[in-house]
Each structure stands twice: as structure tokens, then as C-alpha cells.
1. Suppose every K and R has +1 on its Cβ and every D and E has -1 on its Cβ; what is the size of the dipole of region 140-181 about the Cα centre, in Debye to the nearest 20?
2. In whole Å, largest first, what are the principal axis extents of the Cα atoms in region 23-112?
3. Under a 10 Å cutoff between Cα atoms, tell me which one of Asn146, Asn208, Asn164 has the largest fluctuation in the Gaussian network model of the chain.
4. Enter the mean projected area of the convex hull around the alpha-carbon atoms of region 196-247, in nm², rounded to one decimal.
5. How big is the charge dipole of the chain about its Cα centre, in debye rounded to the nearest 20, if each Lys and Arg gets +1 on its Cβ and each Asp and Glu gets -1 on its Cβ?
6. Rounded to the nearest 20 Debye, what is the dipole magnitude of region 110-247 about its Cα centre when Lys and Arg each give +1 and Asp and Glu each give -1 at the C-beta?
7. Of the options Ala215, Val94, Leu26, report the single residue whose Cα projects farthest towards the positive end of the charge dipole of the chain (beta-carbon charges: Lys, Arg +1; Asp, Glu -1).
8. For the pair Ala103 and Asn208, what calculated FRET efficiency results from E = 1/(1 + (r/R0)^6), where r is the Cβ-Cβ distance and R0 = 45 Å, to the nearest 0.05?
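Derivation of every value follows stated rules applied to the coordinates shown; laboratory data play no part. Bear in mind that the values here come from a model prediction, so they are computed numbers and not experimental data. Methodologically, a virtual Cβ is constructed for each residue, glycine included, from the backbone with ideal geometry; neighbour enumeration extends over all protein chains shown.
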Amino acid sequence: LLLNAGFFRRIQSGRPEVHVKYAMSLDGKIATHTGHARWITGAESRGWAHGIRDTSDAILVGIGTVLADDPLLTTRLDDEDAGAGGPHHALRVVVDSQARMPAGAAMLCPDTPGGTLVAVTELAPQDRVEQLQRAGAEVVIVSERNGRVELRSLLELLGGRGINAVMVEGGAQVIGSLADDDLIDRVSAFIAPVLLGGSGAPSPVAGNGVSAASAGLRLVYPTTLTIGDDLLMSGYLSGHYPDEGQA
């Protein structure tokens with residue numbers, strides 16, 4: 001059942017399964033107070049994360065992540081870890097309400113494998129949209145809420161394309177908005193044995209949050225695994241486990 005969870009989610013709700021992945025320090029930070037984030041976790045954890053990319057249909061990030069890190073969002077695995085056809089490069093999806101993504105972003109370079117979809121709103125300047133299209137991005141206009149891409153609508157658009165599994169890699173505002181709207185199905189949190197401190201250092205989940213700890217989104221049947229020096233905690237959120245209404 002778990003192997004087909006994304007398919008069941010899409011058939012049931014019209015949207016893909018949403019799998020949030022992040023790496024953080026022992027004190028819950030995804031970067032230092034200066035914004036430096038490479039690398040919090042070890043090489044083994046990063047390899048494991050690429051394995052999750054390899055099994056995902058799409059990788060979703062916010063424009064803040066693109067502007068801060070200029071990521072490739074490709075799958076980089078050793079030959080023995082990749083399938084017979086080599087690594088699978090998922091569709092890259094950038095949530096970018098105002099089309100701020102640079103046309104020279106690494107993921108738009110001609111030699112970067114895989115495709116890139118940029119989700120904007122009607123508020124995006126047309127000249128910026130056209131620049132991204134000339135750079136090779138597919139740009140789609142999605143309904144907005146409070147000036148931002150409405151994430152449920154975006155997920156339903158992806159579901160309409162037959163995408164079953166979306167891996168979300170940040171940033172905190174995107175993950176927080178998904179959490180606020182109860183759109184997260186699975187979480188994989190890589191925890192490094194390091195303290196970063198800093199009152200201004202970012203955490204992995206922003207958004208509105210909950211007012212009481214008892215109302216927090218809780219994993220059911222969580223699993224823990226030691227990967228190198230790091231700890232991976234993963235599981236489905238309550239109400240989103242495939243047994244709970246999907247089968």
C-alpha cells in the first residue's frame with residue numbers, strides 16, 4: 001500500500017502525495033544566523049536525500065531557496081545506487097509569485113537535466129515571465145491568496161498532470177503554508193548532532209503555526225534511523241497515513 005500511496009492520494013484528492021524533507025541541527029536550525037547552511041548534515045544523509053529525489057515525480061521549492069542557494073535540484077547518485085536507467089531527475093517546481101527567479105539560475109542552464117516549472121500569479125510582471133520562458137522554464141499562472149501562489153491549486157495542477165509524489169525541499173515559508181493548510185502527508189527530518197544557536201537562525205517550518213502544543217501536527221508510526229552521524233526521523237502525519245481513508 002505504501003508503495004502506491006502517491007497514486008491513491010492523487011486518485012482520492014486530485015493532488016499528489018506531499019513529502020517534506022529537511023535537514024536541521026540538534027537545536028532545530030536549518031542555517032546559521034548569517035544564512036550559511038552547507039553542510040549541516042553529513043554526506044551519507046545527503047546521499048539518502050538524493051535517493052528520495054530519485055523516487056519522486058517532482059521537487060518543489062520556494063523562490064527564497066532559489067535566490068539563496070541557486071540549487072540544481074537534480075538527482076546525484078552513484079551508479080550502484082541508481083536504477084538501470086541511471087538517476088531519475090524529477091520535475092523541478094518553483095513557487096515564485098512575482099517571477100523573481102533569475103533567468104540565469106543553475107537549474108535553467110541548458111546542460112542541467114530535467115525540466116523546470118515556475119508557478120507564478122497574475123501579479124507577476126509579464127516581462128519577467130517572458131524572460132523565464134526564453135530561458136527554458138515552463139511558466140504557469142496559478143490562483144493567488146494574499147498575493148502568493150495558492151499551494152492547493154498548484155498541487156491540483158500537478159495532480160492533473162499525473163504526478164503522484166512531490167518532494168518539498170523548502171523553504172520554511174512554503175513548508176509552513178503547506179502545514180497550515182494540512183497539505184503535508186509525509187515528513188523526513190534529518191537531524192545533525194550539532195548546535196548552531198542564534199536567535200535569528202531560521203527553522204524548517206514557518207507559516208502561522210498552532211496556538212497550543214497539543215494541536216501540533218504529529219507523526220504516526222514514526223521511524224528513526226541512524227545515517228552516518230545523523231538521525232533520520234520520518235513518518236506520515238496523523239490523518240494522512242494510507243490506511244486512514246485511502247485504501
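1. My answer is approximately 100 debye.
2. Cα extents, longest axis first: 40, 35, 19 Å.
3. Highest fluctuation of the listed residues: Asn146.
4. Convex hull of Cα atoms, orientation-averaged projection: 5.9 nm².
5. Once rounded to the nearest 20, the dipole reads 360 debye.
6. Approximately 120 debye in magnitude.
7. Final value for the positive-end residue is Ala215.
8. About 0.85, to the nearest 0.05.
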